[in-house]
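The values are calculated or read from the model by the stated rules, or taken from the named source; none is laboratory data. Because the structure is predicted, anything quoted here is derived from the model rather than measured. Cβ placement follows ideal geometry from the backbone for every residue including glycine, while neighbour counts extend to all protein chains displayed.
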């Protein structure tokens, strides 16, 4: 029997009328996320440096994969691996979003935001855009590293644009997923661990490191629906200059479906 | 008194089977400070969370400045400032950057920088404002946190156990700050476990126990309700037989020494107890005359004050 108190007619100024627009609030929080990410070495490592190290290691350790019968003919291993690392690094960096969200819960900042006249979704959206920006930076670093290792891009400008759109869409869906995990689990250490557990299947049950034909049937089915597979495939086409609308659409659809699924889960406690 | 800024009527909050708040009624007059006293788990933080729009009650009516916390949450939010038990700050930003961020989020735009600068000067935060919050002491964080809750010049400020975990010096600085604010006309709702804190800052006090208000009054009224001083003396056990009257409590310490306790109505009567010990020719090894603590308030209220 919650009956609202009748609102007193009040001469008070309506503060909300000169309050911040959501766009300005988003801008302020994005500036904060960019600053924060740049100041936390372990987050920067995980987001930018580690994918470079993995690219370096994998390109040397696993290059024998290109000798197997199922490996696409005429493709070098570094050209096969680089698009995969772009997709996989986006999943890895996505876990940072979960940790950042959990930190806001433990230090009380998330409560402070909720006591301000601001839509509840804004901090999460700011983190997602922040992650998208870092995805572009990471792509530039990874491609530069790959170029040193012999990677050659055979596509054109349109391939670059569509490839980046696909990658950014994946970053958006992963940010939403890990952000929700952070909102629900609320402790940075727990979120870090849970993030790893979620990250692994996304990374490895996919077409990123091995062709799907080499997997058992059930795993192939799962891997087929994995947005990481769809993104890696689309990026491989972009790299080869053979982009097709179908692959792009499939990648965007997989990322979009993932995002919609996550957004359908309530954000957490009232 | 210019009417109540905060009104709470028949507030109920339940967490599963636990009744966190069971029918709380209170009003806070404009420009006054209400102290909400209670042990851990009494419902203090739950009350603050409802008042600051963070938690939906199961039943009851709550309004701030005439706006309902459920139906007019954004109007309420533009009128309040909140300092929770955990400083709500970004540890990777400096104090100043945190203040500017909150200023931008409440729509100050470019004025956010000026407001932050003013607050830093007014609260004397100049020496810590440009350090990252993560490197600050608990006391410094709290001061920045309070500054953050003042950015919007709130008409009601909520302080949830603002001095828990602070050393006495930092606590004193914070008390002065809150006292200054109320002088400026801000209405303050303060939760605390410390009677001394409520005594120092609050115009009125309510005592919460298991989600119910078990007492309300001014600090002086509450103390009168609890009673006077407790005299505790350490004496030689051999001397006890010379005592001409029975202590309220006797405890053997080492065998050779004992601790005796007398509950008295006021300071004058406490003095008489000491005089009488001397008259009985009892050597006092140690002596302590204590005012009622929050524990005494609770002991009193839960045994005699269940129906205030």
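At a glance:
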item: From the options B:142, B:122, residue that is modelled with pLDDT under 95 and either buried (at least 21 other Cβ atoms within 10 Å of the Cβ) or within 22 Å of the chain's Cα centre (by Cα) (or both); result: B:142
item: Test: residue in the stretch A:119-140 that is closer than 30 Å to residue B:105 by Cβ, over 21 Å from the mean Cα position of the chain (by Cα) and either more than 14 Å from chain B (Cβ to nearest Cβ) or in contact (Cβ under 8 Å) with a residue 12 or more places away in the chain (or both); result: yes
item: Tally of residues being within 25 Å of residue A:103 (Cα to Cα) and more than 7 Å from every other protein chain (Cβ to nearest Cβ) across the stretch B:74-96; result: 6
item: Qualifying residue in the stretch A:83-101 (condition: surrounded by 17 or more Cβ atoms within 10 Å (Cβ to Cβ), farther than 26 Å from residue A:145 by Cβ, touching a residue at least 40 places away in the same chain (Cβ under 8 Å) and within 14 Å of chain B (Cβ to nearest Cβ)); result: yes
item: Residue among B:216, B:259 that alone is within 30 Å of residue B:22 (Cβ to Cβ), modelled with pLDDT of 90 or more and in a strand (DSSP E or B); result: B:216
item: Residue identified as surrounded by fewer than 19 Cβ atoms within 10 Å (Cβ to Cβ), more than 7 Å from chain A (Cβ to nearest Cβ) and at pLDDT below 95 among B:3, B:43, B:38; result: B:3
item: Selection count, the stretch B:125-139, where residues are surrounded by fewer than 15 Cβ atoms within 10 Å (Cβ to Cβ) and in a helix (DSSP H, G or I); result: 2
item: Options A:232, A:210: the member that is within 30 Å of residue A:66 (Cβ to Cβ) and not in a loop (DSSP other than H, G, I, E, B); result: A:232
item: Given (1) free of Cβ contacts under 8 Å to residues at least 40 places away in the same chain; (2) closer than 18 Å to residue A:31 by Cα, number of the condition residue A:114 does not satisfy; result: (2)
item: Hits in the stretch B:179-213 - residues which are under 12 Å from the mean Cα position of the chain (by Cα) and either assigned to a helix (DSSP H, G or I) or not assigned by TED's automatic domain parsing to the domain that holds residue B:42 (or both); result: B:195, B:196, B:197, B:198, B:199, B:200, B:201
item: Some residue of the stretch B:51-60 being within 12 Å of chain A (Cβ to nearest Cβ), crowded, with 23+ Cβ neighbours inside 10 Å and not in a loop (DSSP other than H, G, I, E, B); result: yes
item: From B:146, B:120, residue being in contact with a helix residue (DSSP H, G or I) (Cβ under 8 Å, 6 or more places away or on another chain), part of a helix (DSSP H, G or I) and in contact (Cβ under 8 Å) with a residue 60 or more places away in the chain; result: B:146
item: Hits in the stretch B:98-108 - residues which are within 7 Å of chain A (Cβ to nearest Cβ) and either touching a residue at least 24 places away in the same chain (Cβ under 8 Å) or farther than 14 Å from residue A:30 by Cβ (or both); result: B:106, B:107
item: Residue within the stretch A:59-66 that is within 14 Å of chain B (Cβ to nearest Cβ), over 27 Å from residue B:77 (Cα atoms) and surrounded by 17 or more Cβ atoms within 10 Å (Cβ to Cβ) present; result: no
item: Among (1) surrounded by fewer than 21 Cβ atoms within 10 Å (Cβ to Cβ); (2) more than 14 Å from every other protein chain (Cβ to nearest Cβ) - the single one residue A:113 does not satisfy; result: (2)
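Let's see how each residue does on (1) in contact with a strand residue (DSSP E or B) (Cβ under 6 Å, 6 or more places away or on another chain); (2) surrounded by 14 or more Cβ atoms within 10 Å (Cβ to Cβ):
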site: B:228; (1), (2): no, yes
site: B:231; (1), (2): yes, yes
site: B:234; (1), (2): yes, yes
site: B:244; (1), (2): no, no
site: B:248; (1), (2): yes, no
site: B:271; (1), (2): no, yes
site: B:274; (1), (2): no, yes
site: B:281; (1), (2): no, no
site: B:290; (1), (2): yes, no
